[in-house]
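Novice: Take a look at this one; I'll ask things after.
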Amino acid sequence: MSMVRTLFCKYDGRPHRLLEAINLGEDEHGLWTGSLPGTRAQRADGTWVTIDHHRVRLFPRGQWWSALFNDAPHATRVYCDITMPAEFGVDSVTAVDLDLDVRLLRDGTIKVMDEDEFEAHQHLYAYPAQVIATARATCTWITANIATAEPFTTTYKTYLQKLKTLTSTA
């Protein structure tokens with residue numbers, strides 16, 4: 001099982017979230033990584049959190065988002081971070097987090113999150129106009145598609161099952 005270092009940074013390059021994840025493979029949607037219960041992730045303030053459920057993340061190539069798919073019964077089925085396109089290295093992925101997030105809850109509710117943070121960081125980090133416009137357009141696209149289109153509806157289930165299979169064979 002190979003690992004992938006996943007790092008989300010803020011626009012100024014400061015680390016935001018760091019996680020060593022399992023490389024689950026790549027398909028037409030992008031690179032899929034997974035985290036088992038008990039995996040630890042580091043936050044920007046240096047604290048560590050322990051993941052308590054199976055989850056997979058998709059890093060699409062050339063897109064301004066990344067999606068996290070949580071196993072049931074987690075209240076959030078899909079959590080999309082609006083990011084600049086991920087940069088892929090050897091066993092690593094880095095993405096610039098642009099604050100806006102879209103959540104699809106298990107009951108079908110869709111929520112756009114952190115609009116206030118996006119507004120504040122436009123000024124703090126001096127986001128260029130094109131970054132602001134693309135982040136907003138991506139957020140609108142995700143909101144319109146998160147409940148009805150791939151890879152958000154069923155594709156992730158294959159990778160979630162693959163991750164769970166790793167647990168049962170470990």
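Novice: Is the stretch 24-68 best put as rounded, prolate or oblate by its Cα gyration tensor, with a ≥ b ≥ c the root eigenvalues, rounded for a/c under 1.5, and otherwise prolate when a/b is larger than b/c, oblate when not?
Specialist: Values: a/c = 3.40, a/b = 1.65, b/c = 2.06.
It comes out oblate by the Cα gyration axes.
Novice: Still on this structure, I have one more. What does a probe at A41 reach in the stretch 61-102, counting residues whose amide N is under 11 Å from the point 7 Å along Cα→Cβ?
Specialist: In the stretch 61-102, the label zone of A41 (backbone N under 11 Å from the point 7 Å along Cα→Cβ) covers 67-70, 79-81.
Novice: Here's another thing I want to ask about it. Provide Rg over Rh for the stretch 1-99; use the alpha carbon set for both Rg and the Kirkwood Rh (inverse mean inverse pair distance). It would help to have the intermediate numbers written out before the result.
Specialist: Working: Rg = 12.6 Å, Rh = 13.6 Å.
For the stretch 1-99, the value is 0.93.
Novice: Here is a further query. On the principal axes of its Cα set, how long, how wide and how thick is the chain? Give whole Å, largest value first.
Specialist: Sorted from largest, the Cα extents of the chain read 49, 34, 28 Å.
Novice: Right, something else. By the scheme Lys and Arg +1, Asp and Glu -1, what is the net charge of all other residues having a beta-carbon under 9 Å from that of A95?
Specialist: Overall, the nearby charge balance is -3.
Novice: Let me ask something else about it. If the viscosity is 0.692 mPa s and the temperature 37 °C, what Stokes-Einstein diffusion coefficient in µm²/s follows for the stretch 1-46 when Rh is the Kirkwood radius over Cα pairs?
Specialist: Numbers: Rh = 11.7 Å.
Diffusion coefficient, whole number: 281 µm²/s.
Novice: Ok, one more. Any chance you could give the angle, 0 to 90 degrees and rounded to 10, that helix 155-169 forms with the longest Cα principal axis of the chain?
Specialist: Result, in degrees: 40.
Novice: Another one. Mind checking the angle between helix 129-145 and the chain's longest principal axis? C-alpha axes, 0 to 90 degrees, to the nearest 10.
Specialist: Taking the Cα atoms of the chain, the angle to 129-145 is about 40 degrees.
Novice: Next question. Would you please give the FRET efficiency between R136 and T50, computed as 1/(1 + (r/R0)^6) with r the Cβ-Cβ distance and R0 = 41 Å, to the nearest 0.05? Walk me through the numbers before you get to the answer.
Specialist: On the way: r = 34 Å, r/R0 = 0.82.
It comes out at approximately 0.75.
Novice: Order V90, V112, most accessible first, counting only protein heavy atoms with a 1.4 angstrom probe.
Specialist: Working: V90 130, V112 55 Å².
Ranked list, largest accessible area first: V90, V112.
Novice: Okay, moving on. Using alpha-carbon pairs under 8 Å, 6+ residues apart, how would you state the relative contact order of the stretch 55-119 in percent?
Specialist: Working: 134 pairs, mean separation 15.8, N = 65.
Taking the mean separation of contacting Cα pairs over the length of the stretch 55-119, I get 24 percent.
Novice: Once you have the alpha carbon radius of gyration of the stretch 116-170, what is it after dividing by 2.2 N^0.38 Å, with N set to its residue count? Kindly include the intermediate steps, with their values, before the conclusion.
Specialist: Details: Rg = 17.6 Å, N = 55, 2.2 N^0.38 = 10.1 Å.
For the stretch 116-170, the normalised Cα radius of gyration comes out at 1.74.
Novice: Another question, if that's okay. With an 8 Å Cα cut-off and a minimum separation of 6 or more residues, compute the relative contact order for the stretch 23-170 in percent.
Specialist: Over the stretch 23-170, the number comes to 19 percent.
Novice: If you take the C-alpha gyration tensor of the stretch 97-147, multiply each eigenvalue by 5 and take the square root, what semi-axes do you get, largest first, in whole Å? Spell out each step's value before the answer.
Specialist: Numbers: eigenvalues 104, 28, 6 Å².
Equivalent-ellipsoid dimensions as semi-axes: 23, 12, 6 Å.
Novice: Between beta-carbons, use under 13 Å as the cut-off and find the net charge around Y127, counting Lys and Arg +1, Asp and Glu -1. Walk me through the numbers before you get to the answer.
Specialist: On the way: positive: K10, R136; negative: D12, D97, D99, E117, E119.
Within the 13 Å Cβ shell, the charges total -3.
Novice: Further, regarding this structure: Add -39500 (n - 2.57) for each DSSP H run of 4 or more in the chain, then divide by its residues: what number comes out at 222 nm, to the nearest 500 deg cm²/dmol?
Specialist: Numbers: 3 runs with 42 residues, N = 170.
Computed mean residue ellipticity for the chain: -8000 deg cm²/dmol.
The values are calculated or read from the model by the stated rules, or taken from the named source; none is laboratory data. The model shown is predicted, which means the values in this text are computed figures rather than measured ones. Cβ atoms come from the backbone with ideal geometry, glycine included; neighbour counts cover every protein chain shown. For accessibility, only protein heavy atoms count, side chains too; no ligands or nucleic acids. Shrake-Rupley method; radii C 1.70, N 1.55, O 1.52, S 1.80 Å.
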